[in-house]
Amino acid sequence: MKTRWMAGAASAALIGLIGLPIVHAGEIVNREQRQQERIGQGVQSGELTAKETQRLEKEQAKIETDRKQALADGKMTDKERAKLHKEQDRVSHHIYKQKHDAQKQPGVK
């Protein structure tokens with residue numbers, strides 16, 4: 001009985017560890033999507049110029065590439081996850097700065 005319980009606990013722990021990179025990747029993907037929505041909203045409102053949008057989209061694409069590379073071996077290390085979060089923090093700040101600067105898209109009110 002005790003052996004069966006230990007085997008079940010070990011299996012649950014292993015499944016939890018295997019799912020961990022997927023959870024981290026999911027957090028990163030969700031944040032990518034929210035930031036993409038912020039960029040889209042900035043384009044629609046005219047807060048972002050075409051050049052600003054292009055620059056932000058390029059930064060977002062880099063994060064996506066780095067995420068895929070981090071998951072290429074099936075697992076994401078803490079160092080890779082921290083790097084992705086730092087990149088996302090930087091892009092989030094850039095989105096905010098660009099949306100709140102004096103530059104506006106011509107012809108959009």
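One residue stands out among those in segment 86-100 that are more than 20 Å from THR65 (Cα to Cα) and touching a residue at least 40 places away in the same chain (Cβ under 8 Å): the one that is farthest from the chain's Cα centre (by Cα), which is HIS100. Within segment 84-109, being exposed (fewer than 15 other Cβ atoms within 10 Å of the Cβ), assigned to a helix (DSSP H, G or I) and charged (D, E, K, R) holds for LYS86, ASP89, ARG90, LYS97.
Quick check on segment 17-31. Is at least one of its residues modelled with pLDDT of 95 or more, out of contact with any strand residue (DSSP E or B) (no Cβ under 9 Å at 6 or more places or on another chain) and among the hydrophobic types (A, V, I, L, M, F, W, C)? Taking every residue of segment 17-31 in turn, none turns out to be modelled with pLDDT of 95 or more, out of contact with any strand residue (DSSP E or B) (no Cβ under 9 Å at 6 or more places or on another chain) and among the hydrophobic types (A, V, I, L, M, F, W, C).
Within segment 34-82, which residues are over 18 Å from ILE95 (Cβ atoms) and surrounded by fewer than 14 Cβ atoms within 10 Å (Cβ to Cβ)? Hits for segment 34-82 are THR65, LYS68, GLN69, ALA72, ASP73, GLY74, THR77, ASP78, LYS79, ALA82.
Between LYS83, LYS58, LYS62, LYS51, the distinction of being touching a residue at least 12 places away in the same chain (Cβ under 8 Å) and over 14 Å from GLU27 (Cα atoms) belongs to LYS62 only. Does ARG31 satisfy the criteria of being touching a residue at least 12 places away in the same chain (Cβ under 8 Å), surrounded by 15 or more Cβ atoms within 10 Å (Cβ to Cβ), touching a helix residue (DSSP H, G or I) at 6+ places or on another chain (Cβ under 9 Å) and within 22 Å of LYS97 (Cα to Cα)? Considered against the rule, which asks whether it is touching a residue at least 12 places away in the same chain (Cβ under 8 Å), surrounded by 15 or more Cβ atoms within 10 Å (Cβ to Cβ), touching a helix residue (DSSP H, G or I) at 6+ places or on another chain (Cβ under 9 Å) and within 22 Å of LYS97 (Cα to Cα), ARG31 comes out as yes.
The values are calculated or read from the model by the stated rules, or taken from the named source; none is laboratory data. All values reported here derive from a predicted model rather than from experimental measurement. Glycine also receives a Cβ, built like all others from the backbone with ideal geometry; neighbour counts cover every protein chain displayed.
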